[in-house]
Amino acid sequence: MSFSKKVQDLKEEVLKESDPLFRHVEDVAEANTLKVLDAMRECRVSDAHFNTTTGYAYDDIGRGKLEELYAKVFGAERALVRTQFVSGTHALATVLFGILRPGDELVSLTGKPYDTMQTVIGYDHPSAGSLKEFGILYNELPMIDGRVDLDGIKSVISEKTKMVEIQRSRGYSMRNPLSVEDIRVITDEVHRIKPDCICFVDNCYGEFVDTLEPTQAGADIMAGSLIKNPGGGIAPAGGYIAGKDELVELASYRLTAPGMGDELGASLANNRLLFQGLFLAPHVVAQAIKGALFAAGMFAKLGYKTLPLPTDIRGDIIQAIELGSAEKLIAFCGGIQKYSPVDSYAAPEPWDMPGYADKIIMAAGTFVQGASIEFSADGPMRAPYNVYLQGALTFEHALIGIMGAAQAVLDLDSE
Ligand SMILES: *Cc1c(COP(=O)(O)O)cnc(C)c1O
C-alpha cells in the first residue's frame, strides 16, 4: 500500500472542500484559453510558422509570428520570445542591462528580489559583471507584513530613479504574491509620483494565473521564463520580454548586439513547441494551481503553516509550506521525487546551486531539466525550512506527489 489510511482519508476530505475553489481556477483557464485562441486567429498562426531556421535567420517568419502572438496575448506593444534566453534570470537581466545606464537608479519595491536577481544587481551579493559594477545605483523598499509599502513609495523614488522592479511572485519568502490588481495600484502610484519612471515586473510564475497580465495593468515592461507558466510544459528552454515598444527594443540590443536587436536569432528549437506551449499554458497553469490548492489543504490539516492558505486567492502557482526542520524538508522533497516521471529512483540532496546563497534542495523529476511548470518542489536549507511547491502538467500527478510528500513527512514523525 503506497499511502496510509490517514493520508487517503485526508485526500477525500480536502478534495471535497476544494470543489468551489477548483471551479474558480477552471473559469480563469477558460477565459485565458479564449484569449490565446482569439490572439492566434488575429495573428493568423499557421503551420508555416512552426519550422526551425539556421544562421542569422533574417526574416524568420516563425520567430516574428511568435513574438507578435505573445505581445497580443499579454496586451503589450512588442515582445521578445527566444530560446536564446537561457533562463528567466537571463531575460530579466536583459531588461535591466538593456535599459539602465551608469548613474541611473533601480529601486525594488518588493523588498529583497529573488535570489538570482540579487547576484545580477550585485549589492547584496557582489558578483562580476553585476549592475553595481556598471555604476547603476540601487535601493529597495522593504515590504510591510508581506505587502508593498504604498505610502513609502514616494520616499524611495528620486530624480535618479529610472526604473522600479516589482516582483509578482514570492520567490523564496513567505510573503503573498501580488495580484494583478495590486500591481495596478503600485504602478499607478509610481507613475503619479514620476510619470516617466519605468515599472518593470518580474512576472515569473504569474502568467495566466489571472485573466490580465501586468502589461495590461500599468507595467511598462515585464519578463519571465518559458520553462515556467507560458511554455505550457512543452517549451524546451527560453524566456520572454514584453512591454512598450521602445523598451523592448532597448532590451533587444542587449540580447544580441547594438544595431542588431531582434532582427536575427535562429529558431533552433521547433517553433511548434513554443506555439503549442502557449496554447496549453492556461490549462497547465490551472492544473498547477489545483495542485497547490490541494497541497495547502492537505498540509493545513496536518497542522503546518501554509502560504497561501487553502482559501486565499492566488497570484502565482507557488505553494509555500513551513516544514520547520531540515529533515522534514528533505523527506518532503524525497516524497515528491519518488512519484516523479523522471529520476524517480534518486533521492534529492541539498547542493550549491549557481546564483543562490544557501544550499538548495530540489525535487524535480522533470522532462525538461529544471522546468518548474512541471511538478517540482524546492527550498533553501535555512530556517524555518519552507518548501516551495509548484507546477504540474496534470492535476493527478500533483495529487499523487503531494500524498507521497505527506506520507514521507508523517513517516518521519512516527519514527
Ligand atoms: C524563477 C524565478 C526567476 C528566474 O529564475 P530562472 O531559474 O533563472 O528562470 C526570477 N524571479 C522569480 C520570482 C522567479 O520565480
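The values are calculated or read from the model by the stated rules, or taken from the named source; none is laboratory data. Note that the structure is a prediction, hence the values are computed from the model and not measured. Neighbour counts are summed over all protein chains in view; Cβ atoms, including those assigned to glycine, are modelled from backbone coordinates with ideal geometry. Surface areas here come from the heavy atoms of the whole protein model, side chains and all, with no ligands, DNA or RNA. Shrake-Rupley method; radii C 1.70, N 1.55, O 1.52, S 1.80 Å.
Of note:
- Scope the stretch 168-177; condition open to solvent by less than 10 Å² (accessible area, probe 1.4 Å) and either closer than 11 Å to LEU109 by Cα or modelled with pLDDT of 90 or more (or both); matching residues: ARG168, SER169
- Of the residues screened, GLY206 is not one that is under 18 Å from the mean Cα position of the chain (by Cα) and assigned to a helix (DSSP H, G or I).
- Boolean, GLY324 is more than 18 Å from SER169 (Cβ to Cβ) and in contact with a Phe, Trp or Tyr (Cβ under 8 Å, 6 or more places away or on another chain): yes
- Tallying residues that are open to solvent by 90 Å² or more (accessible area, probe 1.4 Å) and part of a loop (DSSP other than H, G, I, E, B) within the stretch 1-26 yields 1.
- The stretch 80-96, subset in a loop (DSSP other than H, G, I, E, B) and within 17 Å of the chain's Cα centre (by Cα), residue farthest from the ligand (Cβ to nearest atom): THR83
- Qualifying residue in the stretch 369-376 (condition: surrounded by fewer than 22 Cβ atoms within 10 Å (Cβ to Cβ), touching a residue at least 24 places away in the same chain (Cβ under 8 Å) and more than 12 Å from the ligand (Cβ to nearest atom)): no
- Residue in the stretch 186-226 that is nearest to ASP27 (Cα to Cα), counting only those that are among the aromatic types (Phe, Trp, Tyr) and away from the ligand (no atom under 11 Å from the Cβ): PHE208
- Restricting attention to the stretch 27-79, the residues being surrounded by fewer than 13 Cβ atoms within 10 Å (Cβ to Cβ), of a type in the set (D, E, K, R) and assigned to a helix (DSSP H, G or I) number 5.
- From the list THR215, THR211, the one residue that fits, being open to solvent by 10 Å² or more (accessible area, probe 1.4 Å), touching a helix residue (DSSP H, G or I) at 6+ places or on another chain (Cβ under 6 Å), polar (S, T, N, Q) and over 21 Å from PRO102 (Cβ atoms), is THR211.
- Considering residues of the stretch 160-175 that are without any contact (Cβ under 8 Å) to a residue 60 or more places away in the chain and under 14 Å from the mean Cα position of the chain (by Cα) only, the residue farthest from the ligand (Cβ to nearest atom): ILE166
- Restricted to the stretch 121-159, and to residues there that are among the hydrophobic types (A, V, I, L, M, F, W, C), open to solvent by less than 50 Å² (accessible area, probe 1.4 Å) and over 22 Å from ARG382 (Cα atoms), the residue that is farthest from the ligand (Cβ to nearest atom) is ILE157.
- When residues of the stretch 316-360 are limited to those that are of a type in the set (Phe, Trp, Tyr) and either under 27 Å from ALA300 (Cα atoms) or surrounded by fewer than 16 Cβ atoms within 10 Å (Cβ to Cβ) (or both), the one farthest from the ligand (Cβ to nearest atom): TYR345
- The listed residue being out of contact with any strand residue (DSSP E or B) (no Cβ under 9 Å at 6 or more places or on another chain) and closer than 19 Å to ALA242 by Cα, out of SER130, SER155, SER169, SER179: SER179
- Pick from the stretch 182-199, criterion charged (D, E, K, R) and either open to solvent by less than 10 Å² (accessible area, probe 1.4 Å) or part of a helix (DSSP H, G or I) (or both), ranking: nearest to PRO214 (Cα to Cα): ARG184
- When GLY259, GLY291 are checked against the criterion of being away from the ligand (no atom under 16 Å from the Cβ), out of contact with any Lys or Arg (no Cβ under 7 Å at 6 or more places or on another chain) and open to solvent by less than 10 Å² (accessible area, probe 1.4 Å), a single residue qualifies: GLY291.
- Output for the stretch 102-120, where each listed residue is under 16 Å from ILE136 (Cβ atoms) and in contact (Cβ under 8 Å) with a residue 40 or more places away in the chain: GLY103, ASP104, GLU105, LEU106, VAL107, SER108, PRO113, MET117, GLN118, THR119
- Those residues of the stretch 227-256 which are under 16 Å from GLU68 (Cβ atoms) and within 16 Å of the ligand (Cβ to nearest atom), in sequence order: PRO230, TYR240, ILE241, ALA242
- Residue in the stretch 306-315 that is out of contact with any Asp or Glu (no Cβ under 8 Å at 6 or more places or on another chain), modelled with pLDDT under 95 and crowded, with 22+ Cβ neighbours inside 10 Å present: yes
- TYR240 fulfils the conditions (1) open to solvent by 10 Å² or more (accessible area, probe 1.4 Å); (2) assigned to a strand (DSSP E or B) except for a single criterion, (1).
Every residue, every condition in (1) in contact (Cβ under 8 Å) with a residue 24 or more places away in the chain; (2) more than 28 Å from the chain's Cα centre (by Cα), yes or no:
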position	(1), (2)
LYS6	yes, yes
LEU10	yes, yes
GLU17	yes, no
LEU21	yes, no
VAL45	yes, no
THR52	yes, no
GLY64	no, no
GLU68	yes, no
